[in-house]
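The values are calculated or read from the model by the stated rules, or taken from the named source; none is laboratory data. Given the structure is predicted, the values throughout are model-derived calculations rather than measurements. Cβ placement follows ideal geometry from the backbone for every residue including glycine, while neighbour counts extend to all protein chains displayed.
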Amino acid sequence: NTVTLNCPATVANMVCGFDILGMALNDPFDKITISLSGEPGIRINHTDEYHLPTEPSKNVAGVALLEMMQSIPEPVGFDMTITKNIKPGSGLGSSAASAAGAVVAANELLGKRFNDADLVRFAMAGEKLASGVKHADNIAPCIMGGITLIRSIFPLDIVRLQAPPLFVTVVHPQIEVKTADARQILRKEVLLKNAIRQWGNIAGLVAGLLQGDYDLIGRSLEDVIIEPVRSILIPGFDQVKQQSREAGALGGGISGSGPSIFMLSRDKATASQIAGLMENIYERLGIDYKTYITTLR
Ligand code: HSE
């Protein structure tokens, strides 16, 4: 009557695919333990220092479960403990890990009565609470693994994309960027010439992933719409990007709404070298940081 799950960090956007592309990582991850209770309702316990709300209607995992419970005819109760390793406001899908983890774990307890698309819909209620808007580019890869394309959220249309082996280096400078703020600063209109360049990149990235064409993946990891606005919030961003490319990264950029930055590489040696240069950059800037060398989940 108890289920414990690891809920992976995710990199939303994958540079050019704002709100439509995302990938799941093997590290870091949160842990969720949930049990069915005879007492209807949701009780949440956090075992970390982040002071997240435990009232279900104010907690992303609670809201996702409440959404799920609307589709469950019988009265049901859950006791949930969340151990967070993915820091809120990191750009690594912290809220998605909690929301997705809660509904996936609860679904196991309920005999898997909901499918992945249902679970994505429930968990998006958590994202709405966290960022003000429903988006599935962290939720979908968190639930389905690998790289996902969200062709549409209304109606939900998710495509899981094959990808060649990829190593991912992530640096998380320890400053907090709230997704809601990072969305607020974006312009509401884009220039047609930028839109053309962006959809060329998205198509190129998807084709490169499907064909295992590393050079095409690298050329397509360019964002002319969101990154120029958001990167201003991230100290060291230009240095990380330039030095990583010089060290052999395929490319990379802001993870989700930041401040984490991710870089993709073909091999582990390059990924490790990139972690080293990221560390040097933040040492010199005097900003605390955490790095991860990981792979697609
Ligand atoms: N696509 C979203 C954004 C992801 O960039 O705002 C937030 O994690």
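Every residue, every condition in (1) touching a residue at least 24 places away in the same chain (Cβ under 8 Å); (2) loosely packed, with under 13 Cβ neighbours inside 10 Å; (3) over 17 Å from LEU296 (Cβ atoms); (4) in contact with a helix residue (DSSP H, G or I) (Cβ under 9 Å, 6 or more places away or on another chain), yes or no:
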position	(1), (2), (3), (4)
PRO165	yes, yes, no, no
GLU189	no, yes, yes, no
GLY200	no, no, yes, yes
ILE217	yes, no, no, yes
SER257	yes, no, yes, yes
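Just for the range 250-273: of the residues that are among the polar types (S, T, N, Q) and within 27 Å of SER131 (Cα to Cα), which one is nearest to the ligand (Cβ to nearest atom)? Walk me through it before giving the result.
Taking the range 250-273 and keeping what is among the polar types (S, T, N, Q), we get 255, 257, 260, 265, 270, 272-273.
When the remaining residues are screened for being within 27 Å of SER131 (Cα to Cα), the result is 255, 257, 260.
Details: SER255: 8, SER257: 4, SER260: 10 Å.
Per the stated criteria, the residue is SER257.
Could you list, in sequence order, the residues of the range 96-109 that are in contact with a Leu (Cβ under 9 Å, 6 or more places away or on another chain) and either free of Cβ contacts under 8 Å to residues at least 60 places away in the same chain or within 16 Å of the ligand (Cβ to nearest atom) (or both)? Before the answer, list the steps.
Of the range 96-109, the ones in contact with a Leu (Cβ under 9 Å, 6 or more places away or on another chain) are 98-109.
Residues satisfying the conditions are SER98, ALA99, ALA100, GLY101, VAL103, ASN107.
Taking GLY132, is it surrounded by fewer than 16 Cβ atoms within 10 Å (Cβ to Cβ), modelled with pLDDT under 95, of a type outside the set (A, V, I, L, M) and within 12 Å of the ligand (Cβ to nearest atom)? Lay out the reasoning, then the answer.
Working: surrounded by fewer than 16 Cβ atoms within 10 Å (Cβ to Cβ): yes; modelled with pLDDT under 95: yes; of a type outside the set (A, V, I, L, M): yes; within 12 Å of the ligand (Cβ to nearest atom): yes.
Criteria met by GLY132.
Among the residues of this structure, LYS84 counts as one that is in contact (Cβ under 8 Å) with a residue 40 or more places away in the chain, over 12 Å from the mean Cα position of the chain (by Cα) and within 27 Å of ILE175 (Cα to Cα). Among the conditions (1) within 16 Å of the ligand (Cβ to nearest atom); (2) within 26 Å of ASP27 (Cβ to Cβ); (3) β-branched (Val, Ile, Thr); (4) buried (at least 18 other Cβ atoms within 10 Å of the Cβ), the only one that VAL206 does not satisfy is (1). For the range 271-288, a residue qualifies if it is outside any loop (DSSP other than H, G, I, E, B) and either surrounded by 24 or more Cβ atoms within 10 Å (Cβ to Cβ) or touching a strand residue (DSSP E or B) at 6+ places or on another chain (Cβ under 7 Å) (or both), and the qualifying residues are ALA271, SER272, ILE274, ALA275, MET278, GLU279, TYR282.
Quick check, is ALA105 crowded, with 22+ Cβ neighbours inside 10 Å and either β-branched (Val, Ile, Thr) or under 30 Å from ASP288 (Cα atoms) (or both)? Don't jump to the end; show me each part of the working.
On the way: crowded, with 22+ Cβ neighbours inside 10 Å: yes; either β-branched (Val, Ile, Thr) or under 30 Å from ASP288 (Cα atoms) (or both): no.
For ALA105, the condition - crowded, with 22+ Cβ neighbours inside 10 Å and either β-branched (Val, Ile, Thr) or under 30 Å from ASP288 (Cα atoms) (or both) - is not met.
Scanning the range 238-270 for residues that are assigned to a strand (DSSP E or B), over 14 Å from the mean Cα position of the chain (by Cα) and closer than 25 Å to LYS178 by Cα turns up GLY251, GLY252, MET263, LEU264. Checking each residue in the range 227-237 for being within 14 Å of the ligand (Cβ to nearest atom), part of a helix (DSSP H, G or I) and over 20 Å from ARG197 (Cα atoms) picks out only LEU233. Please verify whether VAL120 is assigned to a helix (DSSP H, G or I), within 16 Å of the ligand (Cβ to nearest atom) and among the hydrophobic types (A, V, I, L, M, F, W, C), treating the condition exactly as stated. Answer is yes for this residue.
Quick check: anything in the range 142-149 of a type in the set (Ser, Thr, Tyr), closer than 15 Å to ARG297 by Cβ and in contact (Cβ under 8 Å) with a residue 12 or more places away in the chain? Working first, answer last.
Our first condition is that a residue be of a type in the set (Ser, Thr, Tyr); within the range 142-149, this holds for 148.
Now drop any that are not closer than 15 Å to ARG297 by Cβ, which leaves 148.
Among the residues that remain, those that are also in contact (Cβ under 8 Å) with a residue 12 or more places away in the chain are: 148.
For the range 142-149, residues of a type in the set (Ser, Thr, Tyr), closer than 15 Å to ARG297 by Cβ and in contact (Cβ under 8 Å) with a residue 12 or more places away in the chain: present.
When the range 123-172 is filtered for residues that are farther than 28 Å from ILE293 by Cβ, touching a His at 6+ places or on another chain (Cβ under 9 Å) and among the aliphatic types (A, V, I, L, M), the ones remaining, listed by number, are MET124, ILE153.
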